[in-house]
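J.: The structure follows.
The values are calculated or read from the model by the stated rules, or taken from the named source; none is laboratory data. Computed from a predicted model, the values in this text were never measured in an experiment. We place every Cβ from the backbone using ideal geometry, glycine too, and count neighbours over all the protein chains shown.
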Amino acid sequence: MKLYVGNIPRLANEEALSKWFERAGLPLKTIDLASENEDRRFAWVETQNDSFPFKGLRHLNIVAFWGQFLVVRKARSEPEAGSGRERASGTTGRLHEAWVERGHESRV
């Protein structure tokens, strides 16, 4: 299962994030930690197990990580080309650009 993780403290690293997910019972296969600016960090992670319940994901949003509450949700797939939706601008556009820069496929 692919997840978006937001509101990551700026000093946190991949190892700490991985251990936090493991303690929550959700070991990770991959972590792609990114930064939109100095204060805003996020990651795309892929879990080893796809059967973690949605209710469990909601619980992760209320467990502090380094003194902050993370935003954890299933990663949204990008709209297919030709779907009639314009490419997002602003923050969403920058997130998309960061996604593509890290070698992920663009579906816009």
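J.: Within the stretch 41-53, take every residue that is of a type in the set (D, E, K, R) and modelled with pLDDT of 80 or more and give me the one that is farthest from L11 (Cα to Cα).
T.: Across the stretch 41-53, the extreme among qualifying residues is E46.
J.: Moving on. Does the stretch 14-49 hold any residues that are touching a residue at least 12 places away in the same chain (Cβ under 8 Å), surrounded by fewer than 12 Cβ atoms within 10 Å (Cβ to Cβ) and within 21 Å of E97 (Cα to Cα), and which are they?
T.: Answer for the stretch 14-49, where residues must be touching a residue at least 12 places away in the same chain (Cβ under 8 Å), surrounded by fewer than 12 Cβ atoms within 10 Å (Cβ to Cβ) and within 21 Å of E97 (Cα to Cα): E38, D39.
J.: Of all residues being in a strand (DSSP E or B) and under 16 Å from R73 (Cβ atoms) in the stretch 3-30, which is farthest from the chain's Cα centre (by Cα)? Just the residue, please.
T.: L28
Rundown of residues vs (1) assigned to a loop (DSSP other than H, G, I, E, B); (2) modelled with pLDDT of 75 or more, yes/no style:
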{"site": "K55", "(1), (2)": "no, no"}
{"site": "R73", "(1), (2)": "no, yes"}
{"site": "S83", "(1), (2)": "yes, no"}
{"site": "R107", "(1), (2)": "yes, no"}
